[in-house]
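This report concerns only the one structure given below.
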Amino acid sequence: MTAKARHWERAWKDLRDSSERLEELAAIVSSSNDAIIGKDLNGIVTSWNQAATRILGYTADEMIGQSILRLLPEHLQPDEAEILRKIRTGERIDHFETVRRTKNGELIDVSLTISPLRNQHGVIIGASKILRDISAGKRAERSLLQAEKMAAAGRMAATIAHEINNPLEAVVNLLYLLRDSVHDPQGASYLKTAEAELARVSHIARQTLGFYREHGSARKTSLAELVRHIIDVYEPRCASAGISLEYSLNTRRQLTVRRGEIMQVVSNIVVNSIHALPKGGSLGIAVQDVSDGVTISIRDSGAGIAADNLARVFEAFFTTRASIGTGIGLFVSKQFVEGHGGNITIESSQDKHRHGTLVTVFLPEITTYERPNAQDQEQREANVSS
Ligand SMILES: Nc1ncnc2c1ncn2[C@@H]1O[C@H](COP(=O)(O)OP(=O)(O)OP(=O)(O)O)[C@@H](O)[C@H]1O
Ligand SMILES: [Mg+2]
């Protein structure tokens with residue numbers, strides 16, 4: 001064989017080897033469980049494997065040539081510029097935990113490893129991104145955390161209940177004794193309200209702290225009358241805080257509810273709104289019949305809730321009022337409303353011109369406590385806690 005022929009044979013073998021290696025690499029990429037995505041230095045997608053389609057919903061045809069920003073929720077879009085900056089300087093990003101949006105709009109937790117891609121001259125031309133879906137793990141982590149929080153709450157509840165009950169009873173007795181010495185009608189009316197509110201405090205303490213639940217006490221109630229009572233309680237506080245309170249109570253229905261629980265729900269929401277209006281503003285409360293039930297909506301013109309926090313407000317112990325909040329108000333409210341077969345939703349905006357929060361409680365016309373087997377259910381609950 002001549003030298004030339006040998007040269008060609010070697011070149012041919014090298015080519016075959018590298019094409020085999022390329023095929024092998026392509027097979028690894030395409031069979032990977034993790035999404036492997038290539039992008040250029042402008043964030044334009046250049047390659048997209050099958051796992052990327054499975055995890056993120058888009059096909060390669062839909063993504064190649066498009067900006068990677070499509071996968072980033074709006075509030076995380078600034079991250080991309082920072083990622084590209086690091087890639088340009090040759091830095092690698094390891095196991096970066098963040099959130100991405102799939103084709104159907106769902107937000108998933110992901111772990112990203114992003115490395116610079118170089119051409120054969122060593123010049124950085126883009127990045128390869130390995131994306132792992134860690135939603136399931138995160139969900140398990142969150143529910144474990146929630147379970148731990150609940151266990152801690154149980155222990156804390158027992159302690160608080162124990163500590164609270166004695167002084168509470170003392171105050172109830174003192175107010176009772178004061179009755180005879182107060183002759184001024186306005187004073188007597190303040191005393192009456194104070195006693196009623198205190199009774200509610202003891203009730204709430206026992207109820208939330210798990211000492212007793214409101215068994216079998218659901219009764220036909222006008223939500224207009226119930227909300228009216230709450231308005232009477234909070235009106236003076238609103239007036240002194242510069243909050244203009246408006247309300248409309250348009251309901252004719254009588255729903256079978258646990259009054260104490262629903263009073264607590266509405267009070268929790270109203271108090272949140274009052275806290276959201278430290279410099280005054282407006283608070284609107286509306287009770288309205290809808291086709292299959294009644295809604296109670298509470299709207300305030302406060303600063304509103306950041307998008308990240310909005311998803312968490314119903315979690316136990318989620319609070320932004322670090323010094324004074326415990327973060328159980330909305331958590332307990334949700335349990336109570338859902339216990340009646342209803343639901344509670346919250347919308348909020350921090351827009352400069354239209355900021356504020358709207359909480360809507362829906363209670364069905366036939367609540368859980370009115371259904372034929374409701375009494376069995378109550379009996380079962382009583383047996384469990386006794
Ligand atoms: N009307 C509102 N305006 C602005 N933020 C609100 C409003 N309602 C609730 N939030 C936010 O939701 C969080 C959770 O509310 P939640 O009532 O569960 O707890 P909390 O008010 O902080 O404490 P607690 O009710 O136990 O005293 C609040 O800390 C606040 O960040
Ligand atoms: Mg609260």
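The values are calculated or read from the model by the stated rules, or taken from the named source; none is laboratory data. Quantities reported herein were computed from a predicted structural model and do not represent experimental measurements. Here the Cβ is made from the backbone with ideal geometry for all residues, glycine too, and neighbour counts use every protein chain on show. Each accessible area value is taken on the protein alone, full model and side chains, heavy atoms only, with ligands, DNA and RNA left out. Shrake-Rupley method; radii C 1.70, N 1.55, O 1.52, S 1.80 Å.
The table below gives the values:
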| item | result |
| --- | --- |
| Residue match in the stretch 79-90 (condition: charged (D, E, K, R), out of contact with any His (no Cβ under 9 Å at 6 or more places or on another chain) and within 19 Å of Ala35 (Cβ to Cβ)) | yes |
| Condition check for Leu107: assigned by TED's automatic domain parsing to the domain that holds Gln50 and modelled with pLDDT of 90 or more | yes |
| Selection status of Ser282, farther than 30 Å from Glu370 by Cβ, open to solvent by 40 Å² or more (accessible area, probe 1.4 Å), more than 8 Å from ligand 1 (Cβ to nearest atom) and modelled with pLDDT under 95 | no |
| Those residues of the stretch 217-243 which are under 18 Å from Tyr369 (Cα atoms), surrounded by 15 or more Cβ atoms within 10 Å (Cβ to Cβ) and out of contact with any Phe, Trp or Tyr (no Cβ under 9 Å at 6 or more places or on another chain), in sequence order | Thr221, Ser222, Leu223, Leu226 |
| Residues of the stretch 284-341 that turn out to be of a type in the set (D, E, K, R), part of a helix (DSSP H, G or I) and away from ligand 2 (no atom under 16 Å from the Cβ), as a count | 2 |
| Enumeration of residues in the stretch 96-125 that are out of contact with any helix residue (DSSP H, G or I) (no Cβ under 6 Å at 6 or more places or on another chain) and more than 18 Å from Ala52 (Cα to Cα) | Leu117, Arg118, Asn119, Gln120, His121, Gly122, Val123, Ile124, Ile125 |
| Single match in Ala307, Ala276, Ala303, Ala316 (criterion: hydrophobic (A, V, I, L, M, F, W, C), within 30 Å of Val99 (Cα to Cα), touching a residue at least 40 places away in the same chain (Cβ under 8 Å) and open to solvent by less than 20 Å² (accessible area, probe 1.4 Å)) | Ala316 |
| Strands (runs of 3 or more DSSP E) wholly inside the stretch 58-174 that include at least 2 residues being open to solvent by less than 30 Å² (accessible area, probe 1.4 Å) and closer than 30 Å to Ala316 by Cβ | 93-101, 107-118 |
| Hey, Phe317 of a type in the set (Phe, Trp, Tyr), within 9 Å of ligand 1 (Cβ to nearest atom) and touching a Gly at 6+ places or on another chain (Cβ under 9 Å) or not | yes |
| Where a residue in the stretch 116-140 is polar (S, T, N, Q) and its partner, wherever it lies, is open to solvent by less than 50 Å² (accessible area, probe 1.4 Å) and not in a helix (DSSP H, G or I), with Cβ under 6 Å and at least six apart | Ser128/Gly38; Ser128/Ser115; Ser135/Ile108; Ser135/Asp109 |
| Any hit, the stretch 300-311, residues being modelled with pLDDT of 95 or more and away from ligand 1 (no atom under 11 Å from the Cβ) | no |
| Members of the stretch 243-279 found to be more than 11 Å from ligand 1 (Cβ to nearest atom) and of a type in the set (Ser, Thr, Tyr), listed by number | Ser244, Tyr247, Ser248, Thr251, Thr256 |
| Checking Val361 against (1) open to solvent by 50 Å² or more (accessible area, probe 1.4 Å); (2) touching a Gly at 6+ places or on another chain (Cβ under 7 Å), the condition it does not meet | (1) |
| Residue match in the stretch 292-300 (condition: surrounded by fewer than 17 Cβ atoms within 10 Å (Cβ to Cβ), aliphatic (A, V, I, L, M) and either touching a Phe, Trp or Tyr at 6+ places or on another chain (Cβ under 8 Å) or under 19 Å from Ala194 (Cα atoms) (or both)) | no |
| Single residue of the stretch 247-283 satisfying the filter (assigned to a helix (DSSP H, G or I) and hydrophobic (A, V, I, L, M, F, W, C)) that is nearest to ligand 2 (Cβ to nearest atom) | Val271 |
| Test: residue in the stretch 207-216 that is assigned to a helix (DSSP H, G or I), farther than 24 Å from Thr326 by Cβ and either open to solvent by 50 Å² or more (accessible area, probe 1.4 Å) or modelled with pLDDT of 85 or more (or both) | no |
| Evaluation of Leu330 against (1) buried (at least 17 other Cβ atoms within 10 Å of the Cβ); (2) under 11 Å from the mean Cα position of the chain (by Cα); (3) more than 8 Å from ligand 1 (Cβ to nearest atom) (one fails), failing number | (3) |
| Criterion (in contact with a strand residue (DSSP E or B) (Cβ under 7 Å, 6 or more places away or on another chain), assigned by TED's automatic domain parsing to the domain that holds Ser115, in contact (Cβ under 8 Å) with a residue 40 or more places away in the chain and over 19 Å from Asn104 (Cβ atoms)) met by exactly one of Leu41, Leu56 | Leu41 |
| Residue check for Ile305: in the same structural domain as Gly339 (by TED's automatic domain parsing) and touching a Phe, Trp or Tyr at 6+ places or on another chain (Cβ under 9 Å) | no |
